[in-house]
Amino acid sequence: MEYKPINIMLVEDHKLIRVGIRTLFEETDGCCVVAEAETGKEAVDKASITNPDIILIDLGLPDMSGLKLIKLLQDKDLKSKIIILSSHNNEDEIVKSLSMGVYAYVLKDINTEMLIYIVKSVFNGAMWLDPKVVPLLRNKSESVVPQKQTSRAMFKNSHANLTQREYEVLKLVVDGKSNNDIAKELCISEHTAKAHVCNIIQKLVVDDRTQAAVKAIKEGIV
């Protein structure tokens, strides 16, 4: 059976970065870069022609803000899913872009394997937030992370199968801590920390640690 490749458009004004990302996906099975753009206007024109599955957008464009570009692309009623690839974790940009319905907000220091994973996950319907930006969403607009203001007791009642240790680990996950960081803070092995995170993901019925963190924020545990 032949699988349809993920058609990707890159919107990045720095040529060196753009070439690097293009090369990465050209060498990745199941991915195809169908268009590139240096400006917002060029991006709108090319997206209208190619209608890509995924659009990777750098928010710092020379002719318009990335947020304005998102709005223009949405007005075209394309099927494209937008991923922000930014060098800044600006709270206002994060909140506004998520409110506009982007599928992922990724910082540019992400490793290449993870970027490929994110693109493929978003293509298959997932959402993804860089762990470094998750803590910035606390107490933000309900349109981004709805706050139920649930008590800890109510949360525990809803997810009674989480252990006390898993609650402790979950709080650290929300803080953007790695498995290694969690292990050091709780004085446990990294293997044990990883096992706790895997259990949390399974028990909260989410796909990854970022979704677990977002769900914890929504449910009011943090």
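The values are calculated or read from the model by the stated rules, or taken from the named source; none is laboratory data. The shown structure was predicted, so the numbers you read here are calculated from the model rather than taken from an experiment. No Cβ is skipped: glycine too gets one built from the backbone with ideal geometry, and neighbour counts run over all protein chains shown. With ligands, DNA and RNA removed, areas are computed over all heavy atoms of the protein, side chains included. Shrake-Rupley method; radii C 1.70, N 1.55, O 1.52, S 1.80 Å.
More than 20 angstrom separation, counting every C-alpha pair in region 34-113; what % is that? Tail of P(r) above 20 Å: 25 percent of Cα pairs. Could you tell me which of ALA126, CYS31, LEU16 has its Cα farthest along the dipole of the chain towards the positive end, charges placed at Cβ (Lys, Arg +1; Asp, Glu -1), taken about the Cα centre? Positive-end residue among those listed: ALA126. In a reduced charge model with +1 at each Lys and Arg Cβ and -1 at each Asp and Glu Cβ, region 1-72 shows a dipole moment near 260 debye about its Cα centre. Given the options GLU12, GLU93, GLU26, which has the most mean-square fluctuation in a GNM of the chain, springs set between C-alpha atoms less than 10 angstrom apart? Of GLU12, GLU93, GLU26, the most mobile in the Gaussian network model is GLU26.
Across the chain the C-alpha pair distances fall into 5 Å bins from zero in the proportions 1, 7, 14, 17, 17, 14, 12, 9, 6, 3, 0 percent. Proximity of backbone amide H atoms, modeled 1.01 Å from N, is registered between ILE82 and ILE55, TYR103 at under 5 Å, excluding neighbours fewer than 5 places apart on the same chain. Each of LEU186 and HIS14 was given a label point 7 Å from its Cα along the Cα-to-Cβ line. The distance between the two points is 3.6 nm. Within the listed set SER189, SER99, SER86, the residue fluctuating most in the Gaussian network model of the chain (springs between alpha-carbon atoms under 10 angstrom) is SER189. Across region 71-80, rounded Karplus estimates of 3J(HN,Hα) from the backbone phi angles (6.51 cos²θ - 1.76 cosθ + 1.60, θ = phi - 60°) give 4, 5, 5, 5, 5, 7, 6, 7, 7, 4 Hz, Gly and Pro being marked x. On the basis of the beta-carbon distance and an R0 of 30 Å, LEU72 and ASP29 show a calculated FRET efficiency of 0.40.
Inter-part distance, region 85-135 to region 190-211, computed on C-alpha centroids, equals 19 Å.
Ligands, DNA and RNA are left out, and with a 1.4 angstrom probe the accessible area of the chain is 51 Å² per residue. For the options CYS31, CYS198, CYS187, a Gaussian network treatment of the chain with springs between C-alpha atoms closer than 10 Å singles out CYS187 as fluctuating the most.
Within the accessible surface of the chain, defined with a 1.4 Å probe on protein heavy atoms only, the carbon and sulfur portion equals 51 percent. Structure note, pairs LYS15/LYS108; LYS79/LYS177; LYS46/LYS76: Cα-Cα distances above 23 angstrom occur for LYS79/LYS177.
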